[in-house]
Each structure stands twice: as C-alpha cells, then as structure tokens.
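The values are calculated or read from the model by the stated rules, or taken from the named source; none is laboratory data. In this text, all values refer to a predicted model and were calculated from it rather than measured experimentally. Note: ideal-geometry Cβ built from the backbone for every residue, glycine included; neighbour counts use all protein chains shown.
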Amino acid sequence: MMEIKNLGPGATIGVLGGGQLGRMVILEGRKMGYRFVTLDPAQDCPGSQVADDHIVGGFQDLEAAALLAERTDLIVYEFENIDPKMVDFLKERKQVPQGSQLLRITRHRLHEKQALDQAGIPVSPYQVVHSKEDLVKATEEVGLPGVLKTTTGGYDGKGQWMIHHSDEIEKKLPADLFSSSQVFIYEQFVPFIKELSVVVARSLTGEVKTFPAVVNLHRNHILHMTIAPATVEPAIAQKAEQLAVAVAEQLQVVGLVAVEMFLLPDGEIWVNELAPRPHNSGHYTFDACETSQFAQFLRAVLGLPLQSPRLVSPAVMVNILGEHVPQLMAHWYRLPSAVKVHWYGKQEAKKGRKMGHVTVLAAEVEEALALCDQLPLWSPLTEKERAAVTARCTISEGVEERK
Ligand code: AMP
C-alpha cells in the first residue's frame, strides 16, 4: 500500500493532459474544493478552461513538468499517450498515485495482452508480427479473418487492418508497413454479439468499486453510444464486472481502469482493451449514477473512501462529433428536458472529433433509445444496430438465445 498524504479541500491537483476527461475530473473536483493546474501543449484546451492555472508544455517537456510539480500537491494523468519517464520524473517530486507501471502496459498493445495473459484474463488469440512473413504465419496459425493492429499510437480504429483472405496481405496493406521497426499484433476476429465495458475504481487503500456493466455501439470505430445498464442477463453483467475487478486487482490499479470486452455467443467474455483513466463509456455516470467516474477517480487517487457507483436511472449516452455540431446548434433552444448536454469547449469542430456528449435519462432503456432516435443530431439506429444493442442475450448450454 502506498503512503497516503491527506489532502483536503484547498489542495492543488496537477493534471497531465488538458482533454475532456481532465475537464470533467476538474469540474467534479472543484465541487469538492480542490484547485487544479493543467499541463497540455494547447493553451486553450477543455481542461485549461476550467482549471485554476495552466502550463503550456508537451508531454516530454521536463521543464514544464518540474513547474507542474512545484505548483501542485498531487499529480494525475488523464490520457495514456504520456511518456512513462515523465511520470517517473514527477514521482520523484510529488505523489503520482496512478504510477507509471499501468501506463507502460496500456500504451503498448502487446504488453497489455501479455499482462492480461499472465493475469489469467481471457483475450482473443494473437501473435506478434514484425514482418510480412510473420503475418502470413500468424494468419495460418491464428486463423482468418483477423485484425492487424499497431502496438503503439493507434486509437479509434487508426492503425488497424481487417484481413479476410491471405491475398489481402499483398493487396490491402500499405507497401511500406513493415519497413520501420514497428511491432504489430495479429489477432483473431472475434464474432462478438455485444461489446461491453466496465469502469472500476481502485483506491490508494486497495478499496475497489465497480460501475455497472454497459453495452457499447461503435460507428466507424468511434464510440457512438453507451447503454446503461447493459442489455444482457444479470449473470453476464456480473461476470463482466467480476472480470474487470480481477483486472484492477491483478494489475494493482490506483485510480480507474476501463475494461472493454467482447461478449461471445457461448457466453464467454474476452477482454479487448484497457484504459488507465476515466473512459468515454463511463460518461453516463455523470448524470445517471450516485457518484460519477470523475469524482470516484479523484476519491481513489486521494485515498478517500469510495462512494456508491449505483445506477440511479437507466441512461443512453451518445457522443457529439464535429459533424453533429451544426444540427446541435440549430436545435440548442429546443432540446427536451431528459437530454443532458456536456460540452467540451473545443474551438474547431472537425469530422470525427469528440466535441461533447449527451446523456438521455428515462425510466427504461427502450424509452431513452427512442428519444435518442427522435433527436435530429445523428442518424437513428439502423435495424441491425438496434438488434445488436437491445437483443437480450441469454446463454443456455452454449447456445445463444435472443428473447
Ligand atoms: P480497439 O482499438 O482494439 O478498441 O478496436 C476498436 C473496435 O474495433 C472495437 O471496439 C471493435 O468494435 C473492433 N475490433 C477490434 N478488434 C477486434 C477483433 N479482434 N474482433 C472483432 N472486432 C474487433
């Protein structure tokens, strides 16, 4: 257990990264009386807009990091593309409860898979790939179809190639893909029936609390919608939550870990990816849970007792991307009461850029989904999407049944 230094209201928390996750952590922390200093390369970023102070600097800029340490009592990071060496540098100066170990694991797909493997957490079969020859061998051994993924730097589907047939290795992949020293993994395509995720908080004291399992729907590899509670049998939700707790405990997480998973037709659950911080699929907790993931994150890193993550209302969260902004602005004065808008304060509305999100609360998930479909902000769910998110799967003797 780490040494806990009591930091009450009035203490200053440094945030590495000035994105929307940091912004929402700060908004919650301000209610609790903490002060915040952000560090980000951009002057006007979602986090700096709500912080007490801001340092402009890159995530390898040790001078900026030293300044952050000087001005704060405790430091957190809000995204994983931070050099773990910077975290180690800060750790010598101030408390960084999340540490650098989880960051080292989660910013590298291969290290993440290996750590999960070692912890006995099921993942899709995979092989390491350095060259075209490796890839050919991997497709033979792991099987087709499959997905080739870069081990670092990929997000929202970038750095991923779906491979259906062996001839696509020549035809589909960029010619110079293996010319650098990049390492890839090739993994089996998982015929999942649903994508689930669970956000777990683990505090400095070792206390663990999990938010409810949710169902996620992606469009163009970007999270479109999260449904809480997950539209699965309670036994499946429970299994997902237990798996996420096992991840948090085995990896000795301090703060939050978001565990993204695939639910297979036979009821098995495989872990796809981890995030060592608040997660987009936990944004619904702001409006729908007794405690939000952002408040719980702060409580965990401060060593405060964790609070109840109980779901107070069914909710559907939908992301507002750059392309949805004109419609949102046009309807800003006419949004129904159940629609809670969260806006990140980004200036430029680029296609695919996360500009904000809405959470729709209702007595039933179906009702929230119907309201989302009526909102003129994004295209309604297709029949296939609706079936994918709403079908209640029960697993009986290895055969999936849909009610
Ligand atoms: P990732 O960047 O690994 O989270 O992948 C983004 C999305 O691509 C996932 O949420 C899935 O929808 C899809 N995906 C990634 N890997 C696989 C896989 N092995 N099998 C099926 N779908 C996948």
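The helices (runs of 4 or more DSSP H) found wholly in segment 232-329 and carrying at least 3 residues that are touching a residue at least 24 places away in the same chain (Cβ under 8 Å) and aliphatic (A, V, I, L, M) occupy 234-250, 293-302. For segment 232-252, a residue qualifies if it is closer than 18 Å to ALA275 by Cβ, in contact with a Lys or Arg (Cβ under 9 Å, 6 or more places away or on another chain) and surrounded by fewer than 20 Cβ atoms within 10 Å (Cβ to Cβ), and the qualifying residues are VAL245, GLU249, GLN252.
Only one entry of PRO191, PRO212, PRO229 meets the criterion of being farther than 29 Å from PRO97 by Cα, surrounded by fewer than 24 Cβ atoms within 10 Å (Cβ to Cβ) and more than 11 Å from the ligand (Cβ to nearest atom), and that entry is PRO229.
TRP161 satisfies every condition listed in (1) away from the ligand (no atom under 16 Å from the Cβ); (2) without any contact (Cβ under 8 Å) to a residue 40 or more places away in the chain except (1).
Any residue in segment 130-145 that is buried (at least 16 other Cβ atoms within 10 Å of the Cβ) and not in a helix (DSSP H, G or I)? Walk me through how you get there before you give the answer.
Kept after step one, since they are buried (at least 16 other Cβ atoms within 10 Å of the Cβ), are these residues of segment 130-145: 134-135, 138-139, 142.
Subset that is not in a helix (DSSP H, G or I): none.
Checked against the condition, which is being buried (at least 16 other Cβ atoms within 10 Å of the Cβ) and not in a helix (DSSP H, G or I), segment 130-145 yields no hits at all.
The test for being out of contact with any Phe, Trp or Tyr (no Cβ under 6 Å at 6 or more places or on another chain), assigned to a loop (DSSP other than H, G, I, E, B) and of a type outside the set (D, E, K, R) holds for SER181.
Checking every residue in segment 235-252 against the condition of being at pLDDT 95 or above, within 16 Å of the ligand (Cβ to nearest atom) and β-branched (Val, Ile, Thr) gives at least one match. For segment 284-331, give me the residue count where each residue is over 22 Å from LEU217 (Cβ atoms) and among the hydrophobic types (A, V, I, L, M, F, W, C). Of the residues in that region, 12 qualify. If the condition is being in contact (Cβ under 8 Å) with a residue 40 or more places away in the chain and of a type outside the set (D, E, K, R), then segment 331-355 contributes HIS331, LEU335, HIS342, TYR344, GLY345, GLN347, GLY352. Go through segment 119-158 and give me each residue that's under 22 Å from the mean Cα position of the chain (by Cα), of a type outside the set (A, V, I, L, M) and away from the ligand (no atom under 16 Å from the Cβ). Once the filter is applied, which keeps residues that are under 22 Å from the mean Cα position of the chain (by Cα), of a type outside the set (A, V, I, L, M) and away from the ligand (no atom under 16 Å from the Cβ), segment 119-158 yields only GLY120.
For segment 365-381, does any single residue satisfy the condition of being touching a His at 6+ places or on another chain (Cβ under 9 Å), buried (at least 16 other Cβ atoms within 10 Å of the Cβ) and assigned to a strand (DSSP E or B)? No - not one qualifying residue is present in segment 365-381.
Could we say that HIS224 is closer than 20 Å to PHE286 by Cβ, surrounded by fewer than 22 Cβ atoms within 10 Å (Cβ to Cβ) and within 12 Å of the ligand (Cβ to nearest atom) here? In short, yes.
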